[in-house]
Amino acid sequence: MLGFLTARQAGLDDPLRLRRAESTRRVLGLTLNPDRDVDRIHANGVNAIDIDAIEGRYMLSGGADGVIVVYDLENYSGKPQYTCRAVCTVGRSSRYVHKFSVETVQWYPYDTGMFVSSSFDKTMKVWDTETLKPAEVFEFEDTVYSHHLSPIARKHSLVAVGTKSPKIQLCDLKSGSKIHVLQGHRGEVLSVRWSPRYEHILASASADSMVKVWDVRRAAGSLFTLDQHNGDKSKAASECVSSVHY
């Protein structure tokens, strides 16, 4: 690390290499906290978590059992060892619970009074944290894999949704309706993500092995595509054949 710092100070090295080296060092140094535990509420696997950006205090979790849990991460005991307790739960006894696996959970970026969940039951629900009842339910024709709210948007309240369909759905929280569709992928959309810097820029990843970047203000297609084979289908085919031989 000292070698990286010396080279950076002398202007002989790229700052990106220093950043990567430091990030790698920190990741390799990660260990589980022996003093902190979390209440075990889910009966099956946990598919998604999110910590609120306002206080960094409340954590959402969504499970394969359809259950959603809100945890309080603050330590009020004054003791080193403590367990993060579940504040509230949308459990199997609730008539509002998702019928199938919860794939994504996310706090509303500006207020912990609301969060959004999406599920394999082909729905996305906007929840009121106080009542634990859906304020809005969006229904889709296909299984929902992912959704995302922009962490910085001030001019729109759009939620991007990726489903088994190759079309990306844009849902407006203000109107409670699906207002737009982005077309261009040839396979199911597995992940969607808004830019942390530009509120109208969206990225999507699909089973067609491509990542597309969109400007949702444009009526035309995506801005550009990140393709592993740079559009060379013959290269992709030859690699598939080679892998089969091996």
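The values are calculated or read from the model by the stated rules, or taken from the named source; none is laboratory data. Just so it is clear, the model here is predicted, and its values are computed rather than measured. For neighbour counting, all protein chains shown are included, and Cβ atoms are generated from backbone atoms with ideal geometry for every residue, glycine included.
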Among (1) in a loop (DSSP other than H, G, I, E, B); (2) farther than 30 Å from Arg217 by Cβ, which single condition is Ala86 missing? (1)
Report those strands (runs of 3 or more DSSP E) wholly inside region 150-232 carrying at least 2 residues which are closer than 18 Å to Glu103 by Cβ. 158-163, 168-172, 189-194, 201-206
If you go through region 61-83, how many residues are touching a Leu at 6+ places or on another chain (Cβ under 9 Å) and of a type in the set (S, T, N, Q)? 0
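Limited to region 155-164, what total is found for residues that are over 20 Å from Ser195 (Cβ atoms) and buried (at least 19 other Cβ atoms within 10 Å of the Cβ)? Full working, then the answer.
If we filter region 155-164 for residues that are over 20 Å from Ser195 (Cβ atoms), which is where we start, we get 163-164.
Now narrow it down to the ones that are buried (at least 19 other Cβ atoms within 10 Å of the Cβ): 163.
Matching residues across region 155-164 total 1.
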Selection within region 129-154 - surrounded by 16 or more Cβ atoms within 10 Å (Cβ to Cβ), in contact with a Gly (Cβ under 7 Å, 6 or more places away or on another chain) and within 22 Å of Ser94 (Cα to Cα): Thr129, Glu136
Just one of (1) of a type outside the set (Val, Ile, Thr); (2) under 15 Å from the mean Cα position of the chain (by Cα); (3) closer than 24 Å to Glu139 by Cβ; (4) crowded, with 18+ Cβ neighbours inside 10 Å trips up His98, so point out which. (2)
Looking at this structure, is Ser118 farther than 30 Å from Asp72 by Cβ and modelled with pLDDT of 95 or more? no
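Just give me the residues in region 85-125 being farther than 17 Å from Gly63 by Cα and either without any contact (Cβ under 8 Å) to a residue 60 or more places away in the chain or of a type in the set (D, E, K, R) (or both), in sequence order. Let's see the steps before the verdict.
So in region 85-125, the residues farther than 17 Å from Gly63 by Cα come out as 108-114.
Result: Tyr108, Pro109, Tyr110, Asp111, Gly113, Met114.
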Search result, residues across region 113-125 that are assigned to a strand (DSSP E or B) and more than 16 Å from Gly162 (Cα to Cα): Met114, Phe115
Which one of Asp39, Asp65, Asp50, Asp72 is surrounded by 14 or more Cβ atoms within 10 Å (Cβ to Cβ), in contact (Cβ under 8 Å) with a residue 60 or more places away in the chain and closer than 22 Å to Thr131 by Cβ? Asp50
